[in-house]
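The values are calculated or read from the model by the stated rules, or taken from the named source; none is laboratory data. Every value quoted in this text rests on a predicted model; they were computed, and no experiment measured them. Here the Cβ positions follow ideal geometry from the backbone for every residue, glycine too, while neighbour counts run over all protein chains shown. We work out accessible area using only protein heavy atoms, side chains counted, and drop any ligands, DNA or RNA first. Shrake-Rupley method; radii C 1.70, N 1.55, O 1.52, S 1.80 Å.
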Amino acid sequence: MRSLLESDVGFYYAVGAFVAVIFVIGLATLAVLSPAGIGARELGGLVVGFLLFMVVYFISITIHQLEKREEL
């Protein structure tokens, strides 16, 4: 685990995974605590928006890796 966090890219992947876990925990908490539950439309919007965010996040990590390769 420590070797994964020593590189910038490994750290970025770990942060991305942590954010995804927090999102899932938040959705589960909302589903349990909300008296009306989560509607399909709201859930779909949340999940699609979060997935778009994660796609952009991981694309930026890939671009960061490509920039490092060009420097060499």
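Here are the numbers:
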| read-out | value |
| --- | --- |
| Cα long-axis angle, helix 40-71 against the chain (0 to 90 degrees, to the nearest 10) | 0 degrees |
| Positive-end residue of 61, 28, 7, charge dipole of the chain with Cβ unit charges | 28 |
| Over the chain: Kirkwood hydrodynamic radius from C-alpha pairwise inverse distances, Å | 14.3 Å |
| For residue 30, solvent-accessible area (1.4 Å; no DNA, RNA or ligand), Å² | 80 Å² |
| 1.4 Å probe accessible area per residue over the chain, in Å² | 79 Å² |
| With all protein chains modelled, accessible area of residue 59 [1.4 Å, Å²] | 90 Å² |
| On Cα atoms only, tilt of 8-33 relative to the major axis of the chain in degrees | 0 degrees |
